[in-house]
Amino acid sequence: MPRASPRLRGSMSPDKLVMMANQISRFFASQPGGQAARQVADHILRFWEPRMRAAMLVHFAAGGVGLDPVAREAVALLDHHDPAADLHTRPAAPSG
Amino acid sequence: MGLIQETDHGTPPSGSAGMVSLTIDGMAVMVPEGTSIMRAAMEAGVTVPKLCATDSLAAFGSCRLCLVEIEGRSGTPASCTTPVAAGMAVATQSERLKQLRRGVMELYISDHPLDCLTCAANGDCELQDMAGAVGLREVRYGDEGANHLGQQKDTSNPYFTFDPAKCIVCSRCVRACEEVQGTFALTIEGRGFASKVAAGMDEDFLASECVSCGACVQACPTATLIENSVIEIGQPEHAVVTTCAYCGVGCSFKAEMRGGELVRMVPYKDGRANHGHSCVKGRFAFGYATHRDRITRPMLRARTTGPWREVSWEEALGHVAREFARLQKTHGRDSIGAITSSRCTNEETYLIQKLVRSGFGNNNVDTCARVCHSPTGYGLGAAYGTSAGTQDFDSVEQCDVMLVIGANPTDAHPVFASRMKRRLREGARLIVIDPRRIDLVHTPHVSADFHLALRPGTNVAVLTALAHVIVTEGLVDENYVRTQCDWDGFQAWADFVAEQRHSPEAVASLAGIDAGLIRDAARLYATGGNAAIYYGLGVTEHSQGTTTVMAIANLAMATGNLGRPGVGVNPLRGQNNVQGACDMGSFPHEYPGYRHVSDSATREIFERMWHVALPTEPGLRIPNMLDAAADGTFKGLYIEGEDIVQSDPDTAHVAAGLAAMECVVVQDLFLNETADYAHVFLPGSTFLEKDGTFTNAERRINRVRRVMPPRSGMADWEITQALARAMGLDWTYTHPAQIMAEVAATTPAFAGVSYELLDRVGSVQWPCNEAAPTGTPVMHVGHIARGKGRFAITDYVPSEERTGQRFPLLLTTGRILSQYNVGAQTRRTENLRWHEEDRLEIHPNDAEMRGVREGDWVRVQSRAGATSLRAHITDRVAPGVVYTTFHHPETQANVVTTDQSDWATNCPEYKVTAVQVSPTNGPTDWQRRYRAHSAASRHVAAAPAAE
Ligand code: SF4
Ligand code: SF4
Ligand code: SF4
Ligand code: FES
């Protein structure tokens, strides 16, 4: 097969996860209600496969370089997430 | 089983509510006001002879065959152009009428070749029928006088032939092209005896404006315009009603067969999405189904560089089951997954997600809707509580203002575009927001009131500026908002959009459009009557795709354009079953009906149905699967009907992800680009070879019916079931109807759907349940589904993909009428005649600056990669913007697109890539290597299969 581009990187690469978390944070930070970190954490819990969350937590534990303040707060919430808690008992986030 | 004969009432229905009573041949008849006498007679069961009338077209009154007598009136008026009146007494048959009609027919026939026995239309010709109906027995004029018999045929169109010698100049074709299709390609040239049908400026059909929709062929009462397949094969003898497998319009067709051979696809008048119209793809481009490239036997290989070996189904499926088990044992339960396609039926998609959730024991299932409309699901779900368009297509007839953003309906949704154009010709107003001057901006008798040619990537800024005008100029429908929406949320939103930084004047230079244009467009949308928004992938395929969908939802709520016919938010879905794929739970975080995998009540429904404990965590999305593969934690993938190497962004990254897997299973019609990286190939079936349903862009569930047996021996749903059984699951479906029954039993919006209902009523739009037993054409009537509509703040975040010195141009992508998606099907038909290669559209200024001339090879370089293709210089694109399609694998447009994606759904940002364009001599190194790799990996060993 043709050589892959030199930019081969996995989802578990912190750069990409940080970029995704920051993108999500920018949206929720702009919403009213002052719940941004909680909403970002919920979004990540609802849409990120556990491997991605685990990699993010590893990155966070190592200092979380690159994370926006809201994203940082959200990841801290993830850290304390009780996996047994049913997400859908919180106000419904939409599908997509 | 015979052909399906549809009644031709001669003229369209009147649509009036008032009723009129009259008698026809002594029979009492009651019909709506404005109905023609011809139609009233047909409804009473009396057929009046006719030639120039057909019920898809307005009455014309030229052939004089449909004459009738009306008591108390002199003369013999044409029944097609004369409306009924109360108390009228009509006679359709009398000695005088007989003589007159015979006289008319005699004149027609005297100038018509009498080769009925060898004519391709023999048995399907209205002229022949009418000669019989009027009792024509002799023709007094010979063919030695002036006639049209020696004229040349026009065979330029690959799908139909025009034989002017047989033309009776009824102008049905001309009117069909105008009224039904809206292309105005045909005219009647000359007058009297010299008059004849001409395409374009007296060109041949292929060179003319004709888009080969087939409406004229359909309308022609003689063999003058006839399908080549009928000339070649002969008249069909039986028919089955089914649904087009190409785009999200979901047109119904009669598949007309002779024995096991498909003769032609004829648009079905009762089809509620298309009402008897079609486009070149659904009507003519079915040849791929019997193309010699079809693979019909399962194949295996140990290494993706080795040759394929044909094997039995048992061996192939056994191998997959063993490999998947081995991978899960070695690398964990989550190391495998599946991808379904929006081209699959609902039933196939349902089975794939069931296989993943209940068989693989994880939620690693995704669909190609990820890369097109996932932001629609998220955005509309958030605003309204339902992840779908709000209207039916018929709603366009009551629309006064259309706002079309990021969609190119005449190319991508042609049959619906024809209806839009018809409504626009009737006077509806049009706003187009698109970087490119799409055809709809100027088509015959249609001109957009405003075209906002914004810079790619600035949708949110422009939509928020529209909202700014609506709020600050007091154009909000406050009554609607107060009663239907969350008022606090509205106020926060209104304060936000009213900020000066969102004014058109502030946004103008960023978006590259005039502030006045934005203001005028906003005023028209808010005050022009029923306003509807139609959007496509130019909205969703951005890093702010979801935010854009929310901005659209906001506009409709703020102006009260929701919850009745003629308004609403209408996502135009790309592929045939994008809506259905999303509905059927093919996203990794949700079950059918958009219910999250962590919702224990939903999970219990499926656990009870499937007798297995189900996982609670979301699975991997397509890009995450590829990333995880690169990381070494994702090893096996089952892909049905999807070509991710060609269709997904950043090709090199996709290829590397696939190459890192140990068992890639591709189920498809052809050895596609993705199959180059596969270890197992399972031969799939075309839509002609299976039963099922597709759900179109208006939530309409249409039946797909099998018209011929699957070439590989198994329909796709049977293959998935066989794989499930090989993996130890106890599945025993014998027909897709049972799968739909399971969907209905587990998914509230589908509770009332069954094949029995679909066969009875034709189609239904979900929600279809106890509250709406025959479906829901318009949603949010009375109240918005989620309770109160939710306004979201739509802050503009510029894409990371920015132009600069290295990459000064913005590349955006799209598609054209004759081709479909990655082109695997349409490239294997004569549609290639309209699009032999992808080209790069570039503005004359940008071309000149780079020394690029029309047709030159250019290299398009982004930070992801480079590809080469030929240039087309046009001012359709603004300076600074270049555009291409992605229908040909050689072009490899996605080598250039990057891995930027939507913040909420990871829908890739196909529509914005910063690039540089420079002259070059030919394909890039990557293209050459890719071609060599493709050729090497498609080798099938000669050894005979052991089946
Ligand atoms: S095929 Fe369609 S576009 Fe072409 S001439 Fe006929 S009606 Fe017009
Ligand atoms: S081509 Fe057919 S439809 Fe057109 S004018 Fe001639 S007979 Fe009528
Ligand atoms: S491709 Fe779309 S518009 Fe064309 S016939 Fe098929 S469903 Fe209809
Ligand atoms: S059918 Fe009425 S005039 Fe031709």
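What the table below lists for this structure:
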{"quantity": "Summed side-chain charge close to B:ARG706 - residues other than B:ARG706 whose Cβ falls under 13 Å, Lys, Arg +1, Asp, Glu -1", "calculated": "-1"}
{"quantity": "Inter-chain shielding of B:376-386 (mean C-beta neighbours from other protein chains, 10 Å cut-off)", "calculated": "3"}
{"quantity": "Centroid-to-centroid separation of region B:668-739 and region B:25-83 [C-alpha atoms, Å]", "calculated": "48 Å"}
{"quantity": "Radius, Kirkwood style, for region B:77-178 when every pair of distinct Cα atoms is counted (Å)", "calculated": "16.2 Å"}
{"quantity": "C-alpha center-to-center spacing [region B:151-210, region B:211-287] in angstrom", "calculated": "19 Å"}
{"quantity": "Gyration tensor over alpha-carbon atoms, chain B, equivalent ellipsoid semi-axes in Å", "calculated": "46, 34, 30"}
{"quantity": "Region B:336-448, relative contact order [Cα under 8 Å, separation at least 6], %", "calculated": "18 percent"}
{"quantity": "Percent RCO, i.e. relative contact order, over region A:13-79, from Cα pairs under 8 Å lying at least 6 residues apart", "calculated": "45 percent"}
{"quantity": "Magnitude of the charge dipole, chain B, Cβ model with Lys/Arg +1 and Asp/Glu -1, debye to 20", "calculated": "460 debye"}
{"quantity": "Shielding by partners, peptide B:611-618 (average Cβ within 10 angstrom, other chains)", "calculated": "3"}
{"quantity": "Share, in percent, of DSSP beta bridges within the protein assembly as shown that are antiparallel, nearest 5", "calculated": "60 percent"}
{"quantity": "Cβ charges +1 (Lys, Arg) and -1 (Asp, Glu), total dipole of the protein assembly as shown, debye", "calculated": "1000 debye"}
{"quantity": "Cα gyration tensor shape for region B:224-302, rounded if a/c is under 1.5, else prolate or oblate", "calculated": "oblate"}
{"quantity": "Chain B, relative contact order [Cα under 8 Å, separation at least 6], %", "calculated": "13 percent"}
{"quantity": "Neighbour cut-off at most 10 other Cβ (10 Å), DSSP loop, trypsin sites (Lys or Arg not before Pro), region B:493-585", "calculated": "none"}
{"quantity": "Among B:THR242, B:SER252, B:ILE352 the positive-end extreme of the charge dipole of the protein assembly as shown (Cβ point charges)", "calculated": "B:ILE352"}
{"quantity": "Radius, Kirkwood style, for the protein assembly as shown when every pair of distinct Cα atoms is counted (Å)", "calculated": "30.3 Å"}
{"quantity": "Cleavage-rule hits (trypsin sites (Lys or Arg not before Pro)) in region B:224-312: DSSP loop, at most 11 neighbouring Cβ within 10 angstrom", "calculated": "B:ARG292, B:ARG303"}
{"quantity": "Cα-based radius of gyration of region B:358-401 once divided by 2.2 N^0.38 Å, which approximates compact folds", "calculated": "1.70"}
{"quantity": "By average C-beta atoms within 10 angstrom, highest first, the peptides A:39-46, B:651-658, B:436-443", "calculated": "B:651-658, A:39-46, B:436-443"}
{"quantity": "By average C-beta atoms within 10 angstrom, highest first, the peptides B:233-245, B:412-424", "calculated": "B:412-424, B:233-245"}
{"quantity": "Diffusion coefficient, µm² s⁻¹, Stokes-Einstein with Kirkwood Rh over alpha-carbon pairs of region B:855-947 at 37 °C and 0.692 mPa s", "calculated": "213 µm²/s"}
{"quantity": "Shielding score for B:593-603, defined as the mean number of other chain Cβ atoms within 10 Å", "calculated": "4"}
{"quantity": "Kirkwood estimate for region A:13-79, i.e. one over the average of 1/r between Cα atoms, Å", "calculated": "11.4 Å"}
{"quantity": "Furthest towards positive pole of dipole, B:GLY337, B:ALA285, B:GLN181, structure part chain B, Cβ charges", "calculated": "B:GLY337"}
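Every number here is computed from the coordinates shown, using simple stated rules; none is lab data. Fair warning: this is a prediction, and the values are worked out from it, not measured in the lab. Reconstructed Cβ throughout: ideal geometry from the backbone, glycine too, with neighbour counts over all protein chains shown.
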